[in-house]
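The values are calculated or read from the model by the stated rules, or taken from the named source; none is laboratory data. Just so it is clear, the model here is predicted, and its values are computed rather than measured. Backbone-built Cβ (ideal geometry, glycine too); neighbour counts: all protein chains shown. Heads up: the accessible areas ignore ligands, DNA and RNA and are worked out on the full protein's heavy atoms, side chains in. Shrake-Rupley method; radii C 1.70, N 1.55, O 1.52, S 1.80 Å.
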Amino acid sequence: MGNALFSIAAGIALIALVTAAYRFFRGPGAVDRVIAYDVLTIISISLIAVISYLARRVIYLDVAIVYGLLSFLGVIIVAKYLERGL
Amino acid sequence: MINSILFVVLALLALSSAITAVLAKNLVTSILAAGFVSLLASVIYLLLSAPDVAMTEAAIGSGLSTIIFFYVLNKVRRSGRHD
Amino acid sequence: MQIAHIIGGIVSIVGSLFLLLGALGIVRMPDAYNRIQAGTKATTLGTLLFLAGIGIAEPGWLPKLAVLILFILFTNPVSSHVLARAAHHIGIALTSRTVADKLREHEEAARD
Amino acid sequence: MKNWVVSMILLFGLWLLLSADLAVPILIAGFIVVFLIVLLFSVRNPVFRDIKLGPKALAYIIIYPVVFLKALVMANFDVARRVLSPSLPIRPAIVEVRTILHSPIGRLMLANSITLTPGTLTVEIQGDSLFIHWIDASATDINGATESIVRGFEKYLEVIYG
Amino acid sequence: MIKKIFAFLLLIALAGVFLVVLQNYETPEELNLTAAYYAEHGAEEVGAANLVSAIVVTYRGLDTLGEVTILFLTASILSFFLKQREERGKRSVRASSELLRTASAVLVPFIFLLGAYVFINGHLSPGGGFQGGAIIASGLVLLLLTDPLRKVSSRLLARVESASGFIYVGLGIAGIFLAGGFLDSRVLPAGTFGTLLSAGLLPILYILIGLKVGTELSGLLTRFQEVQVPDGGDSPDLKKGENV
Amino acid sequence: MNFGSLALGLGFLLILIGFWGLLTQKNLIKIVIGFSVVDTGVHIIMVGIGYLQGRTAPILDAALMQRTAAAGNQAGASADVGSLIVDPVPQALVLTAIVIGLGITALLLAYVVRLHEQRQSLDISSYEDLKW
C-alpha cells in the first residue's frame, strides 16, 4: 500500500520533470533555461528521495544531499556568467 | 514497475538533452544541456543500484565540469572578439 | 506501522502535486521573473512535503531528510534571487502587463 | 567569541544530523572536524556575530519558522490560484521597500523570507533598499509596499538578528 | 558536406557494431568470480561495509594511487598552459549581491563539513575520497564565485596536497612490512564491522585521498579562475586578498 | 524489462550522439561537449554491465544485513551477501573513470583557451596548420 502511494507520487513528480524539461528545451532565452534547470534539479532531488524509499536504502539519501548543494552552485555560476560577474 | 517507467522516461529525456547539447547553436544552452545529461545519468545510476557512482557523477559530472565549462566560456568571451 | 506509510504516501502525493504546479508555473508564466516566482515557491514547498512524507513513512530517516530540507530552504531563495538579479542586469524584459519598475528608475537615476 | 560558539553549535548539529548516531568515535571525529573548519573560517567570516541570544530572541527563533511556514503555504495556494486560472491574473511590478535591519544575516533571512512568501521575489538589494518583484502589486510607493511586504517578518527578525 | 556524409557512414558502422553487441549480450544472473570473491570475503578481509570503497582503496589501491597521480599531473600541465598573465585592459566585473556574499559565508563551512563527512564515512556509506574532495573543491569555487578577487593560497594547497600524498604512500609502504602488502589496510585492527572505527587503515587512507583530490581539484579550478582588477562595485570585501 | 540491457542501449545511443557532435561540430567547445557526452555514455554502459536484476547496492549496512537474515530464514540456511548485491567491480572502475574524465575535460578546455588566445577564434577550420 505504501509502495503504491509512493509510486503515484513518483509518477506525478516524473510528469513535473517532463513539464519542466519542456521549458528547458524550448527556452527561449538562456535565463529561462536556467530557471528550468533549477526546477529540474529540485524535482530530481525528490525523485532520488523516492527511489531510495522504494529501494528501502537510507544511504541513497546521501546522494540527494550532495546533489542539493551542487545544483545551487551550478545555478549561481550560470547567473554570474550571464551578468558578467565571473 | 514504477522503476521501469522512471528509467525509460529518464533515458528518453537524457537522449533528447544530449541531442540538444550537441546541436544547439548557443553555447550556454549546450553546456546546460550537457549538465542535464549528467544530472539524469546520476539518477539512472541510482536506479542501477550504484549510489557511489551516482554521487560521483553528481559532484563531478554535473557540478565541477559545468563550472569549468563556464569559466572557459567566460575567458573566451573576455579575451576576444568572439560573439 | 502500515498507517504511517499510507499517511506519508498521501503527504508525498500532495508534495508532488506542488512540484507539478511549479513546473506548470514555469511553462505558463509570461516572463522570466514570474517564472522564477512560480518555480521557487511551489518547488520549495513541494520538495518539503515530499521529503516530509517519506520521513513520516520511515521515521529513522528523518535526520538526513532534515538536512536536505534545511539546505533546500536556505539555498533555493538565494539562487532565485541571484538569477533574478542577473536577469534584470542584462535587461531581460518584463512582461507588458508590468505596472512599474522602480529598480530601472533607480539605476537610471544613479547613472545620470 | 559568540560567532565561534554559534558556528560550532550549528556545524556540530549538522554533523549529528548527518551521522544520525551518538557513538563516541563519531562525536570525537565530529568535534575535530568542526573545530578545524571553524578555525579556518571564523576569522574571515564572522557571520553570526550579530545574532542575539536573549530569552526573547530564543523564543522568536522558535516562533519564526511557524510564521514563515504559514506564509510559505499561503504563497503556494496563491501561486496555484494564479497558475491554474486560465486568464493568468497577474499585475506585476518591481517596487522598492526599505528595511531597518543592519546585520547581513538578518537581511539575508529577510530577503529569503520575502522570496518564499506570496507573490514577492527579491531582485536586488542596495543599502537599505530592497527591490522586489511583486506579482500582484497593490501599492507601488515605498511606504505602502514596505508596510505590506516587509513588516510582518521584520518584527521577528529584528529581535533575533538586530 | 562530404565530411558529414563520411561521419554519418562511420556512425552507421558503429551503430551496427553496437547492435550486434546488444543482441548477443546476455544479462548475467549471478555475480562473476571476482565479484563473488569480493562479496564473500570483502567484509571479513577489509572490514568495510561499502564494498566499492574496499575495492577502490584496498584491492585496487594501486590504481587509485595512479589515478591521483594523473590528477596531479593534469593540474601541473594546466598550470603550465594557463599561466596567469597581466590583463591587457581593465574590465569591469559586476560585484556579487550582498545576499549572495552572506549566503556563501554561511554555507561554505557547511559544504566543507559535508565533504569531510562524505570522506570520513567512505567505508560505511556511498562516497569517499573522490566525492568528498569534489565537494570541498566546490565549496572553494563558491568562495571564488562570490568574491572573484579572493586569492587562494596556493602554498597552503600545495602543502596539504604533498603532505597527504607522502603520508598516503608512506602508509602504503607500512602495509608491506606490517601486513600483507602495499596499501594493505590491516595495519590497524579491523574494529567492529559497520562502525566508524572499522576497516583498519581504510578510513585514514580515504581521508588522505580526499584531501589530496580536494586540493588538486581546487588547484585545477583556481587555474581557470583568473584574477582581475575591478573598476567598480560596492563590495567591501574586495580589497582583502588573503588566503582562505 | 531488464535495466542492464536498457542501460547498455542508452549508453550506446549517447555514444553515437556524442560522436556525431565530435565529428561534425566546428566549434572547439562544442567538440569538448561532445566528448563529455561520449564519456557519460561509456560510464552508463559500464555500470549497466555490472547490474543484476532485482539486486541492491553493494553496501553492507544494517538494512542489507536484515535482508540477508530474512532471506536466510526463508531458505532455511544461512543466506550469503553475494546473492543480494550487484557487481561492485565496474562501479569502482567507473568511479575512477569519472574523475579522470574530469581531468581530461579540463585539459582539453585548457588547450581551447590557449588556442583561442593565439588566433582569437573558436572555429576548428582556422587551425589547419598541421592538416595533411
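Protein heavy-atom surface of the protein assembly as shown, 1.4 angstrom probe: 66% of the accessible area is carbon and sulfur, with nucleic acids and ligands not counted.
Only helices enter the 222 nm calculation for the protein assembly as shown: every DSSP H run of n ≥ 4 contributes -39,500 (n - 2.57), and dividing by all residues gives -23500 deg cm²/dmol, rounded to 500. Restriction of the GluC sites (Glu not before Pro) in the stretch E:1-55 to DSSP coil positions whose beta-carbon has at most 14 other beta-carbons within 10 angstrom yields E:Glu26, E:Glu29, E:Glu30.
Highest-first packing order for the peptide set D:92-103, E:67-78, E:7-18 is D:92-103, E:67-78, E:7-18, based on the mean count of other beta carbon atoms within 10 Å. Of all beta bridges DSSP finds with both residues in the protein assembly as shown, what is the antiparallel percent, to the nearest 5? Of those bridges, close to 85 percent are antiparallel.
What the Cα atoms of the stretch A:2-84 give is an Rg and a Dmax of 14.6, 49 Å. Normalised per residue, the accessible area of chain D is 44 Å², obtained with a 1.4 Å probe and no contribution from ligands, DNA or RNA. Partner shielding of D:62-73 amounts to 1, given as the average count of beta-carbon atoms from other chains within 10 Å of each residue beta-carbon.
When ranked by the protection proxy of mean other Cβ atoms within 10 Å per residue, highest first, what sequence do the peptides D:148-154, E:122-128 form? Before the final figure, lay out the partial values.
Numbers: D:148-154: 18.4, E:122-128: 29.6.
Highest-to-lowest ranking by the protection proxy: E:122-128, D:148-154.
Peptide F:118-129 is shielded by partner chain Cβ atoms: per residue, an average of 1 of them sit within 10 Å of its Cβ.
Which shape class applies to the protein assembly as shown: rounded if a/c is under 1.5, otherwise prolate when a/b exceeds b/c and oblate if not, where a ≥ b ≥ c are the square roots of the Cα gyration tensor eigenvalues?
Numbers: a/c = 1.36, a/b = 1.23, b/c = 1.11.
It is rounded, given that a/c, with a ≥ b ≥ c, falls under 1.5.
The distance separating the Cα centre of the stretch B:33-83 from that of the stretch D:75-136 comes to 31 Å.
Could you tell me the relative contact order of chain D? Use alpha-carbon pairs under 8 Å, at least six residues apart, and round to a whole percent. All intermediate terms of the calculation are to be shown ahead of the outcome.
Values: 183 pairs, mean separation 42.0, N = 162.
Once normalised by length, the contact order is 26 percent.
Computed from the C-alpha gyration tensor, the three semi-axes of the ellipsoid equivalent to chain F are 46, 15, 8 Å, from longest to shortest.
Considering only DSSP states other than H, G, I, E and B, which chymotrypsin sites (Phe, Trp or Tyr not before Pro) in chain B qualify as loop sites with at most 14 other Cβ atoms within 10 Å? Please report the intermediate quantities before stating the final value.
Details: sites: B:Phe7, B:Phe36, B:Tyr45, B:Phe69, B:Phe70, B:Tyr71; in loops: none.
Sparse-neighbourhood loop chymotrypsin sites (Phe, Trp or Tyr not before Pro): none present.
Sorting C:27-40, C:74-87 by average packing, meaning the other beta carbons within 10 Å per residue, from highest down gives C:74-87, C:27-40.
Here the stretch D:55-161 has an Rg and Dmax of 14.2, 49 Å, counting Cα atoms alone.
Starting from the alpha-carbon convex hull of the stretch C:2-111, give the projected area averaged over all orientations, in nm².
Working: hull surface 32.7 nm².
Mean shadow area of the hull around the Cα atoms is 8.2 nm².
Cα centroid separation, the stretch E:22-51 to the stretch C:1-48: 40 Å.
Taking amide H as placed 1.01 Å from N in the peptide plane, the amide H of E:Asn50 sits under 5 Å from that of E:Leu124, F:Leu60, each at least 5 places away or on another chain.
Taken about its Cα centre, the stretch D:55-161 carries a charge dipole of about 320 debye when Lys and Arg each add +1 at the Cβ and Asp and Glu each add -1 at the Cβ. Cross-link check: pairs E:Lys3/F:Lys26; B:Lys25/E:Lys4; D:Lys56/D:Lys155; C:Lys64/E:Lys212; C:Lys64/D:Lys155; E:Lys4/F:Lys26 evaluated at a Cα-Cα cut-off of 20 Å; pairs beyond the cut-off: C:Lys64/E:Lys212; C:Lys64/D:Lys155. Each residue of the stretch E:22-28 is assigned a 3J(HN,Hα), and the resulting list reads 5, 6, 8, 6, 9, 5, x Hz, derived from the Karplus form 6.51 cos²θ - 1.76 cosθ + 1.60 (θ = phi - 60°), x at Gly and Pro. The coefficient of translational diffusion for the stretch D:2-49, derived via Stokes-Einstein from the alpha carbon Kirkwood radius under 10 °C and 1.306 mPa s, stands at 145 µm²/s.
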